[in-house]
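Contents: one structure, followed by commentary.
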Amino acid sequence: MADTWRDDVRLTDDQRRVRDEIRAICAAFDDGYWRERDAAGEYPHEFVERLGEAGWLGVLVPEAYGGKGYGTEESVAMLGEIAASGAGFSGAQTVHAAVYNSAPLVNHGSEAMKEELLPRVARGEAWIQCFSLTEPETGSDSTAMRTQALREGEEYVVHGEKLWTSRIDVSDYLVLAARTTPREETARKTEGISLFLVDVERGIESGAIELEEIEKTVSGVVSSFRVTYDGLRIPRENLIGEEDRGFYHVLDGLNEERLVIAAECVGLGELAIVRGVAYANEREVFDRRIGANQAIQHPLAAAHSRVQAAKLYTYDAARRTEADRETVGARANTAKYLAAEAAFEAADAAVQTHGGRGVAREYDVERYFREARLTRLVPITQELALNYIGERVLGLPRSY
């Protein structure tokens with residue numbers, strides 16, 4: 001049965017062009033490609049390089065700097081299509097950061113920084129693949145970070161430790177968040193944090209950046225690390241935006257990025273349903289295709305309904321990002337919550353449809369299930385999304 005239902009959502013002309021071009025690129029990387037990379041824990045260099053050569057790592061970079069000059073609507077179409085192609089959520093994540101880590105530079109970087117780096121990003125020649133934010137003792141409470149960047153003349157000297165800094169092994173630069181003013185000296189806990197552009201190779205060669213890879217059971221194509229910064233020296237001109245205003249710089253575009261995460265979840269859900277339906281139509285037990293059984297049909301149909309509802313909501317929200325930050329935030333958190341839940345239900349239904357083969361690597365759905373579970377944790381947990389909705393939309397008391 002054809003999966004034409006995937007193209008049912010209404011797209012703008014630009015979204016359609018983006019989807020079609022991305023779909024054509026992804027067609028060269030089949031299920032086996034992603035299966036092998038995940039099993040071996042290898043980054044998909046060929047795939048990312050192909051996107052970079054075609055300019056798609058610069059989808060958000062303004063045309064004045066050689067980029068595509070697109071926005072949230074087109075990014076939703078791009079990253080959602082990558083996930084649905086067979087790459088899954090993790091496949092989309094191999095380029096998600098490369099796309100969105102350019103946003104702080106576009107919005108707050110100096111003109112010299114933008115002129116020097118953004119054209120290289122747009123051409124796929126420079127990768128900004130990681131954002132070093134989370135710390136071992138702080139988790140989701142980013143404002144409690146302990147990593148410090150202290151001024152010494154025309155440099156900042158960084159000491160601290162970060163956790164879950166992903167893709168640093170395949171990144172030319174990273175965006176680092178660190179405290180430039182101690183938390184106790186600020187009027188608000190969201191103040192005193194700054195963003196910096198860091199040359200990864202230079203930091204590692206100097207011994208000021210030490211890496212320890214984290215062993216994990218999901219997203220094999222993306223490596224994650226514990227990173228220790230020990231006397232890392234950053235030139236003053238590598239400060240992104242204003243000193244002590246980095247947290248607010250992160251908030252700019254955060255909701256739009258969350259909508260793209262939701263689209264990646266939707267793409268993963270669609271992928272799982274397509275694979276589940278294909279197997280249900282092929283597999284015969286007791287002289288009939290298992291897809292004829294309501295016990296198989298109903299979970300897939302229910303999952304399809306949830307994924308399509310999440311998709312419609314996400315794409316609609318992506319068209320309406322000109323509202324105030326709180327309104328967009330409510331839509332973004334709702335989209336992320338709905339899409340992650342829908343992706344998990346879809347992946348679970350696909351595994352159940354495959355029976356015992358659902359845990360065999362060769363059928364891929366076990367990977368979708370592992371990734372779908374991850375979407376309920378990153379980049380924020382489902383509980384934090386609900387906290388936002390409860391407080392900002394429903395007017396309930398703050399819970400944290």
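The values are calculated or read from the model by the stated rules, or taken from the named source; none is laboratory data. As the structure is a computational prediction, the values presented were derived from the model and not from experiment. Cβ coordinates were reconstructed from backbone atoms using ideal geometry, including for glycine residues, and neighbour counts include every protein chain displayed.
If you go through segment 191-209 one residue at a time, how many are among the β-branched types (V, I, T) and without any contact (Cβ under 8 Å) to a residue 12 or more places away in the chain?
The qualifying residues number 1.
Would you pick out the residues in segment 170-202 that are of a type outside the set (D, E), surrounded by fewer than 16 Cβ atoms within 10 Å (Cβ to Cβ) and part of a helix (DSSP H, G or I)?
Scanning segment 170-202 gives a single hit, R202.
Could you check, for segment 143-163, whether at least one of its residues is of a type in the set (A, V, I, L, M, F, W, C), surrounded by 16 or more Cβ atoms within 10 Å (Cβ to Cβ) and under 18 Å from the mean Cα position of the chain (by Cα)?
For segment 143-163, residues of a type in the set (A, V, I, L, M, F, W, C), surrounded by 16 or more Cβ atoms within 10 Å (Cβ to Cβ) and under 18 Å from the mean Cα position of the chain (by Cα): present.
Determine, yes or no, whether A330 is closer than 25 Å to S142 by Cβ and either aromatic (F, W, Y) or modelled with pLDDT under 95 (or both).
So A330 fails the test.
Consider segment 228-248. How many of its residues are assigned to a helix (DSSP H, G or I), surrounded by 15 or more Cβ atoms within 10 Å (Cβ to Cβ) and touching a Phe, Trp or Tyr at 6+ places or on another chain (Cβ under 9 Å)?
2
Hey, does segment 50-63 have a residue that's touching a residue at least 60 places away in the same chain (Cβ under 8 Å), out of contact with any Leu (no Cβ under 9 Å at 6 or more places or on another chain), among the acidic types (D, E) and part of a loop (DSSP other than H, G, I, E, B)?
Within segment 50-63, none of the residues are touching a residue at least 60 places away in the same chain (Cβ under 8 Å), out of contact with any Leu (no Cβ under 9 Å at 6 or more places or on another chain), among the acidic types (D, E) and part of a loop (DSSP other than H, G, I, E, B).
Can you tell me how many residues in segment 114-169 are assigned to a loop (DSSP other than H, G, I, E, B), small (G, A, S) and in contact with a Lys or Arg (Cβ under 6 Å, 6 or more places away or on another chain)?
Number satisfying all stated conditions: 1.
Return a yes/no flag: does segment 211-219 have any residue that is more than 28 Å from K114 (Cβ to Cβ), crowded, with 19+ Cβ neighbours inside 10 Å and in contact with a Ser or Thr (Cβ under 7 Å, 6 or more places away or on another chain).
Yes, segment 211-219 has at least one match.
Restricting attention to segment 198-229, which residues are of a type outside the set (A, V, I, L, M, F, W, C) and closer than 29 Å to D252 by Cα?
Correct list: D199, E201, R202, G203, S219, S223, S224, R226, T228, Y229.
Need the failing condition index for E212 against (1) touching a residue at least 40 places away in the same chain (Cβ under 8 Å); (2) within 30 Å of R35 (Cα to Cα), just the number.
Unmet for E212, out of (1) touching a residue at least 40 places away in the same chain (Cβ under 8 Å); (2) within 30 Å of R35 (Cα to Cα): (1).
Here's a check for you: in segment 17-48, which residue that is touching a residue at least 24 places away in the same chain (Cβ under 8 Å) and among the basic types (K, R) is farthest from K311 (Cα to Cα)?
R37
Among what's in segment 307-356 and is among the basic types (K, R) and under 18 Å from the mean Cα position of the chain (by Cα), pick the residue that is farthest from A77 (Cα to Cα).
So, considering only residues that are among the basic types (K, R) and under 18 Å from the mean Cα position of the chain (by Cα), the one farthest from A77 (Cα to Cα) is R331.
Mind checking which residues of segment 36-50 are farther than 20 Å from E213 by Cβ and crowded, with 19+ Cβ neighbours inside 10 Å?
F47
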